[in-house]
Amino acid sequence: MNSVIRATCGVDAEGRVTFGLPLPEPGSAHLLLKARPRKGVPDPAARRLPLEPSGDGRARAVLEPLPPLEEGRWDAFLVREPDAEPQQLAAGTLDLRVLVDGARLDRPSPVAVRIPYRALDGFLAVRAWLRPAHAETDRIAVADRTTTVTARLHGTELGEGAVVRLRGRGSGAERTVRPSTDGDGRGFGFTVGHAELVGGDGTDVRYWDVDVVPAADAAPVRVGRVLDDVADRKQSFVYPAVRTGGRLVRPYYTVDNDLSFEVTDPG
């Protein structure tokens, strides 16, 4: 039975991800990144990275910025020989300092993001996003009757007829809000009235997903927060629920770090 191998991981300013393993002589071993299976995708993608001696009694593998990883969660494995069974790697030290202020740089299209992280079971994984465009949230301010959000577009710009759209998940319900925009065509803000989400017109929706439509005929862009070092923010960035019309409304981040609103009944 193989002992646990603990891998370190670091990201540099160019987006290069370097993995370090305690293997003095890697030989033909390689590091395998394997996408977790998704519904409707029977054959998950995989990326094989050669391991080379790093000169300090360890071996390293490098994930270059291009080509980007497909969107999803990728688990890291060590394959000691070409036909050997992959051994899942435990997460050691993660140096993600360069990712902390990642939202300060405007990103071109497509917007590709990779965040190494320690999964709940202690193993090493990489969370990847790959989208034509992305709207990165900044400040979310919850008040008694409204929630105000500031954000910035990456991969596209705001034009004539731009709107923020809230879509009822699993229903055809929609609400639209006109954003305020910065002079550079990328920064914007919007305010959501809680009363618009609680079903006063007979609509009963629990989850509202937030998009920005940058121009009248443009494709919608999901609003969320992925341009830093936090791979999972659903449980760590928790906003208050506000009572409105006998119900509770709160903004929250989904498992994909996308921004949504939840409407529930008081407990």
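A few notes on this one:
- Test result for Arg222, touching a helix residue (DSSP H, G or I) at 6+ places or on another chain (Cβ under 9 Å) and assigned to a strand (DSSP E or B): no
A quick yes/no check of all residues on (1) of a type in the set (A, V, I, L, M, F, W, C); (2) open to solvent by 30 Å² or more (accessible area, probe 1.4 Å); (3) modelled with pLDDT under 95; (4) out of contact with any Pro (no Cβ under 8 Å at 6 or more places or on another chain):
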residue: Thr203; (1), (2), (3), (4): no, yes, yes, yes
residue: Arg222; (1), (2), (3), (4): no, yes, no, yes
residue: Leu227; (1), (2), (3), (4): yes, no, no, yes
residue: Ser236; (1), (2), (3), (4): no, yes, yes, yes
residue: Arg247; (1), (2), (3), (4): no, yes, yes, no
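- Residues in the stretch 151-207 that are in contact (Cβ under 8 Å) with a residue 40 or more places away in the chain, acidic (Asp, Glu) and out of contact with any Gly (no Cβ under 7 Å at 6 or more places or on another chain): Glu160 alone.
- Of the criteria (1) open to solvent by 10 Å² or more (accessible area, probe 1.4 Å); (2) among the aromatic types (Phe, Trp, Tyr); (3) under 19 Å from Val205 (Cα atoms), which one Phe261 fails: (1)
- From Gly92, Gly102, residue being open to solvent by less than 30 Å² (accessible area, probe 1.4 Å), out of contact with any Gly (no Cβ under 6 Å at 6 or more places or on another chain), in contact (Cβ under 8 Å) with a residue 12 or more places away in the chain and within 10 Å of Leu227 (Cα to Cα): Gly102
- Arg47 vs. criteria of a type in the set (D, E, K, R), over 30 Å from Ala151 (Cβ atoms) and open to solvent by 20 Å² or more (accessible area, probe 1.4 Å): yes
- Cβ-Cβ under 8 Å pairs, at least 6 apart or on other chains, the stretch 64-86 side open to solvent by less than 90 Å² (accessible area, probe 1.4 Å), far side polar (S, T, N, Q) and at pLDDT below 95: none
- Residue check, Asp144 touching a strand residue (DSSP E or B) at 6+ places or on another chain (Cβ under 7 Å), outside any strand (DSSP E or B) and farther than 14 Å from Val213 by Cα: yes
- Scoring Val210 on the criteria (1) open to solvent by less than 50 Å² (accessible area, probe 1.4 Å); (2) part of a loop (DSSP other than H, G, I, E, B); (3) in contact with a strand residue (DSSP E or B) (Cβ under 7 Å, 6 or more places away or on another chain); (4) not small (Gly, Ala, Ser) leaves a single failure, condition (2).
- Selection within the stretch 22-44 - surrounded by 14 or more Cβ atoms within 10 Å (Cβ to Cβ) and within 26 Å of Glu71 (Cβ to Cβ): His30, Leu31, Leu32, Leu33, Lys34, Ala35, Pro44
- For the stretch 158-175, the tally of residues that are open to solvent by 60 Å² or more (accessible area, probe 1.4 Å) and closer than 18 Å to Gly224 by Cβ stands at 2.
The values are calculated or read from the model by the stated rules, or taken from the named source; none is laboratory data. This one's a predicted model, so the numbers in the text were calculated from it and none came from an experiment. Glycine also receives a Cβ, built like all others from the backbone with ideal geometry; neighbour counts cover every protein chain displayed. Protein only, heavy atoms only, side chains kept; ligands, DNA and RNA dropped before computing areas. Shrake-Rupley method; radii C 1.70, N 1.55, O 1.52, S 1.80 Å.
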